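Chemist: Can you keep this structure in mind? I'll have questions shortly.
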Amino acid sequence: MAKYPHSEIEKKWQDRWARDGLMRCDLSRTKEKFYCLMMFPYPSGELHVGHGRNYIIGDSLARFKKMAGFEVLAPMGWDAFGLPAENAAIQRDIHPAQWTRENIKRMKEQFHHWGVVYDWEREVTSCEPDYYKWTQWLFLQLFKAGLAYRKAASVNWCPKDKTVLANEQVVDGACERCGTPIEERHLEQWFFKITAFADELLADLDTLADWPERVVTMQKNWIDRSTGVEIEFTVKDTDRRITCFTTRPDTVFGATFLVLSPQHPEVERLIKGSKREPEFRTAIARYQADKLSGKARTDPGKDGVFLDAYAINPVSGEAVPIWIAPYVLMEYGTGAIMAVPAHDERDFEFATRYELPVREVVRFGDKEGVLPTPSYSGDGTLVNSGAFNGLGQHDAFEKIAGDLEKRGLGRKRVNYRLRDWLISRQRYWGAPIPMIHCPKCGVVPVPDSELPVVLPDDIDFRPRGDGKSPLATSDAFRVVKCPQCGGQAERDTDTMDTFVDSSWYFMRYLSPKDSTRAFDKQLCDAWLPVDQYIGGVEHAILHLLYARFVTHFLKSQGFISFSEPFARLFTQGMIQKNGIKMSKSRGNVVPPDTIIGPMGADTMRLYILFLAPPERDSEWNDESVEGCYRFLNRIWRFYEARADILATPTSGKIDEATLTAPERELFRKTHWAIDRVHNDVSDHFRFNTAISALMELNNVLAPFGEESVESGGPQRAELLRFTFDALIRLLAPMTPHICEELWERTGHRESIFKMAMPAANPVFVKAEQFDLVIQVNSKIRARESVPSDTEPDAMKAIALRHPKVIEELAGRDPKKVIVIQNRLVNVVV
Ligand SMILES: [Zn+2]
Ligand SMILES: [Zn+2]
């Protein structure tokens with residue numbers, strides 16, 4: 001049997017869609033707008049079929065929405081700065097810009113060959129000066145608002161990538177990119193004050209009803225708001241205070257010692273001039289060295305030193321010893337904790353090791369017990385707590401907090417796990433930070449009129465590892481005049497985290513060539529939030545949190561009128577082969593051309609959409625790919641067998657009353673399929689079940705290709721036109737080339753994607769007959785074709801008089817008969 005000429009057809013339509021600008025969007029048509037956004041990729045090279053899922057889902061949805069009458073915006077661009085491109089370029093000894101440009105070209109060709117069409121007039125490339133000029137502008141807006149600041153801090157350092165990383169880029173103590181255990185370095189860096197938006201970023205998660213629940217939960221846990229109390233302990237015989245944050249003020253009577261971070265400022269005052277000063281300094285130096293080598297991360301230990309000093313517990317008046325230990329981090333909370341070993345596991349270990357007192361202060365039930373009641377559950381009762389004895393934990397929290405507040409020794413505080421976003425990178429391939437360091441004026445922003453600060457391309461761009469970016473080696477770049485005093489000054493030589501580039505790109509698509517501003521407020525307000533965002537779940541915290549932050553910030557400044565960028569989010573699952581994620585290093589990738597060559601892009605698309613619910617991880621299977629190819633060939637053969645009558649478009653008018661019984665079944669099946677595809681695709685991404693429905697429809701249709709037309713009723717030809725028309729229109733978003741070709745061959749001049757989707761008539765959606773499943777004790781015993789909507793009693797009667805059931809019952813009465821309308825009867829014996 002001859003196969004359909006997919007290569008010829010696919011090339012023809014790919015070229016025509018490109019020529020005609022199929023997905024060109026008219027932004028003035030905002031009434032029925034649909035902004036369909038796929039996360040823009042790193043231009044990292046060849047895409048394999050695993051990558052394809054994201055784009056094929058997005059393209060199919062965009063085409064579907066276009067046919068459903070929406071003005072669809074489907075743009076694409078390149079997240080082109082950053083480590084992946086730079087590392088790959090270094091490996092190949094070429095410039096990152098060249099590597100990036102070549103990949104962009106190659107990936108665009110791939111999209112073209114997959115029939116994935118975008119509005120390319122809106123392409124944005126984050127490494128081009130006309131884009132990063134506005135990333136720098138964004139930095140300056142944050143700076144002007146006091147939300148970009150420079151601070152010396154212990155930061156995460158990846159020794160392999162030779163750059164600092166944001167907390168979000170450290171996974172289990174290792175670099176998110178290369179997996180190398182991170183080290184700590186003390187460096188002065190730029191931060192964005194994302195914590196200023198912690199509350200609203202958290203609260204607004206509840207408005208994102210159309211986001212996957214697990215992504216919302218991950219963001220909630222990352223921001224992690226907790227209410228607690230800052231408690232002031234006074235250093236004995238001084239008026240100096242040490243502030244400890246605790247979420248458990250109800251346990252303050254059980255605080256039997258304090259632990260300070262070795263970097264806590266009070267430490268210096270306590271040890272200076274003390275008898276054991278040299279010993280203390282040695283310990284602190286050792287902790288610092290462990291930290292730098294990464295040892296402190298992998299083995300936090302319970303190492304600590306008593307500083308020969310005491311602090312006064314503000315509620316009990318008791319003097320408690322002050323210790324230092326590396327397990328308390330200066331970066332978290334206040335850098336000092338009140339240790340309650342009876343009710344905290346880590347404190348308990350420490351107390352046990354150094355034989356410090358353990359005092360129970362919360363009791364659960366009647367049982368006296370020391371450990372562990374680690375969490376604040378609210379149903380314990382206070383003991384050993386002076387005037388607060390007998391109170392429930394919740395009351396104790398409020399009363400102790402109130403008492404401390406009144407006496408000026410404490411205050412309630414909300415604390416977040418979320419830290420400010422560290423955005424400096426000591427790498428070459430990024431947007432230069434638009435700031436100047438002047439010996440006289442301090443840190444001075446580059447004036448807007450001098451943007452962009454262009455990344456020089458004539459320097460040695462390899463990372464250096466001395467905590468400075470390669471840009472520091474270029475005098476031509478580094479040395480500038482101070483914009484404020486005109487004296488000699490230096491540019492900031494770090495570049496920005498690439499997640500800054502991607503935090504606002506979805507706004508740039510609306511006016512990508514505007515040289516006067518980053519984005520157009522009016523267009524943004526009309527087209528955003530994005531109606532459907534599609535991408536990988538690996539961005540659940542990183543990109544999706546940063547983009548939300550920047551959008552909230554821009555709203556707070558009046559630049560836009562909405563605060564959430566993405567109304568709906570869909571995260572696709574991975575495609576695996578042999579049970580593991582496809583990757584080059586594992587050698588299990590399926591190159592798309594191995595499918596497109598012999599079977600065509602439509603087959604690849606169909607298979608990727610058909611293989612499983614798209615949100616799930618799923619296993620690639622070569623045989624099922626062939627099944628999809630056969631399905632498309634069957635449709636093609638049907639057309640060829642009936643080309644004579646399919647050459648004219650359907651009138652759409654069919655009188656059901658004059659159809660023969662098999663024709664009526666086909667007619668109803670067609671309405672059913674229309675209804676199914678609408679439901680499955682438009683809101684639920686169930687491409688796989690939509691395709692099954694179309695396969696079912698095709699199974700009913702196919703036999704009509706073999707009979708002669710004359711053997712049918714008077715409307716046979718019209719019915720076949722009607723069904724075939726619906727079939728290819730419904731299938732078109734998923735397998736666009738073959739459907740566009742068949743559309744043209746069946747007498748249409750305009751592109752199928754300018755047509756509306758067929759609409760189902762609810763009257764005909766139900767099949768006239770259905771297969772009643774008859775079970776005995778939940779095992780299928782028979783099937784019988786009965787009219788739809790047969791009453792439950794009638795269904796029961798049909799089952800009970802079936803010979804198979806009579807035989808099984810053997811004269812007994814059934815215990816129970818379960819009826820599910822339009823589906824089954826189960827006789828329980
Ligand atoms: Zn790394
Ligand atoms: Zn100056």
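The values are calculated or read from the model by the stated rules, or taken from the named source; none is laboratory data. Please read all numbers here as calculations on a predicted model, not as lab measurements. Using ideal geometry, Cβ is built from the backbone for each residue, glycine included, and neighbour counts are taken over all protein chains shown. Heavy atoms of the whole protein, side chains included, go into the accessibility calculation; ligands, DNA and RNA do not. Shrake-Rupley method; radii C 1.70, N 1.55, O 1.52, S 1.80 Å.
Chemist: Filter the range 779-827 down to residues that are touching a residue at least 40 places away in the same chain (Cβ under 8 Å) and either closer than 30 Å to R668 by Cα or open to solvent by 80 Å² or more (accessible area, probe 1.4 Å) (or both), then give me how many there are. Break it down stepwise before answering.
Modeler: Start the filter on the range 779-827 by keeping residues that are touching a residue at least 40 places away in the same chain (Cβ under 8 Å), which leaves 822-827.
Subsequent filtering for residues that are either closer than 30 Å to R668 by Cα or open to solvent by 80 Å² or more (accessible area, probe 1.4 Å) (or both) retains 822-826.
Qualifying residue count for the region: 5.
Chemist: Looking at the range 587-610 only, could you name the residues that are open to solvent by 40 Å² or more (accessible area, probe 1.4 Å) and either at pLDDT below 85 or assigned to a loop (DSSP other than H, G, I, E, B) (or both)? It would help to see each step written out before you state the result.
Modeler: Applying the first criterion (open to solvent by 40 Å² or more (accessible area, probe 1.4 Å)) to the range 587-610 yields 587, 589, 591, 593-594, 597-598, 610.
Within the range 587-610, G587, V589, P591 qualify.
Chemist: Tally time: how many residues in the range 582-608 are in contact (Cβ under 8 Å) with a residue 40 or more places away in the chain and either touching a helix residue (DSSP H, G or I) at 6+ places or on another chain (Cβ under 7 Å) or among the β-branched types (V, I, T) (or both)?
Modeler: Of the residues in that region, 15 qualify.
Chemist: To continue, here is another question. Of the conditions (1) touching a Pro at 6+ places or on another chain (Cβ under 9 Å); (2) at pLDDT 95 or above; (3) assigned to a loop (DSSP other than H, G, I, E, B), E615 clears all except one; give me its number.
Modeler: E615 satisfies every listed condition except (2).
Chemist: For the range 177-217, which positions are crowded, with 16+ Cβ neighbours inside 10 Å, without any contact (Cβ under 8 Å) to a residue 40 or more places away in the chain and either acidic (D, E) or closer than 27 Å to G430 by Cα (or both)?
Modeler: Passing the criteria: none in range.
Chemist: On to the next question. Check every one of the helices (runs of 4 or more DSSP H) wholly within the range 259-354 and list those with 2 or more residues that are modelled with pLDDT of 95 or more and among the polar types (S, T, N, Q).
Modeler: Passing ranges: none, list empty.
Chemist: Identify all residues within the range 443-472 that are surrounded by 15 or more Cβ atoms within 10 Å (Cβ to Cβ), polar (S, T, N, Q) and outside any loop (DSSP other than H, G, I, E, B); write none if there are none.
Modeler: If the condition is that a residue be surrounded by 15 or more Cβ atoms within 10 Å (Cβ to Cβ), polar (S, T, N, Q) and outside any loop (DSSP other than H, G, I, E, B), then no residue fits.
Chemist: If you don't mind, another one. If we only count helices (runs of 4 or more DSSP H) wholly inside the range 474-586, which ones have 3 or more residues that are at pLDDT 95 or above and of a type outside the set (K, R)?
Modeler: Values: elements: 475-478, 498-501, 505-508, 521-527, 542-556.
Ranges flagged: 498-501, 505-508, 521-527, 542-556.
Chemist: Go through the residues of the range 90-108 one by one and say whether even a single one is more than 16 Å from ligand 2 (Cβ to nearest atom) and assigned to a strand (DSSP E or B). Show your work before the answer.
Modeler: Let us first name the residues in the range 90-108 that are more than 16 Å from ligand 2 (Cβ to nearest atom), namely 90-108.
Next, from what is left, pick out any that are assigned to a strand (DSSP E or B): none.
No: zero hits.
Chemist: Name the residues in the range 150-174 that are touching a Ser or Thr at 6+ places or on another chain (Cβ under 9 Å) and either within 9 Å of ligand 1 (Cβ to nearest atom) or closer than 19 Å to T495 by Cα (or both), would you?
Modeler: As a first pass, look at the range 150-174 and keep what is touching a Ser or Thr at 6+ places or on another chain (Cβ under 9 Å): 150, 155, 157-161, 163-164, 173-174.
Selection gives R150, V155, W157, C158, P159, K160, D161, T163, V164, A174.
Chemist: Can I ask one more? Step by step: first the residues of the range 158-177, then only those that are in a strand (DSSP E or B) and more than 17 Å from the chain's Cα centre (by Cα), then the one that is nearest to ligand 2 (Cβ to nearest atom). Which residue is that? Give the steps one after another, and end with the answer.
Modeler: Residues of the range 158-177 that are in a strand (DSSP E or B), as a first pass: 158, 163-165, 170-171, 174-175.
Right, trim to more than 17 Å from the chain's Cα centre (by Cα) and you get 158, 163-165, 174-175.
On the way: C158: 34, T163: 28, V164: 27, L165: 32, A174: 41, C175: 37 Å.
By that ranking, first place goes to V164.
Chemist: While we're on this one: Please enumerate the residues belonging to the range 138-149 that are assigned to a helix (DSSP H, G or I) and either out of contact with any Pro (no Cβ under 8 Å at 6 or more places or on another chain) or within 16 Å of ligand 1 (Cβ to nearest atom) (or both).
Modeler: Taking the range 138-149 first, the residues assigned to a helix (DSSP H, G or I) are 138-144.
Of everything in the range 138-149, those that are assigned to a helix (DSSP H, G or I) and either out of contact with any Pro (no Cβ under 8 Å at 6 or more places or on another chain) or within 16 Å of ligand 1 (Cβ to nearest atom) (or both) turn out to be L138, Q141, L142.
Chemist: Which residues, taken from the range 400-432, are open to solvent by less than 20 Å² (accessible area, probe 1.4 Å) and either free of Cβ contacts under 8 Å to residues at least 40 places away in the same chain or under 14 Å from S226 (Cβ atoms) (or both)?
Modeler: A401, L418
Chemist: Here is a follow-up. Do the conditions hold for R508, that is, is it crowded, with 21+ Cβ neighbours inside 10 Å and closer than 21 Å to P129 by Cα? First the steps, then the outcome.
Modeler: Working: crowded, with 21+ Cβ neighbours inside 10 Å: yes; closer than 21 Å to P129 by Cα: yes.
Yes: the conditions hold for R508.
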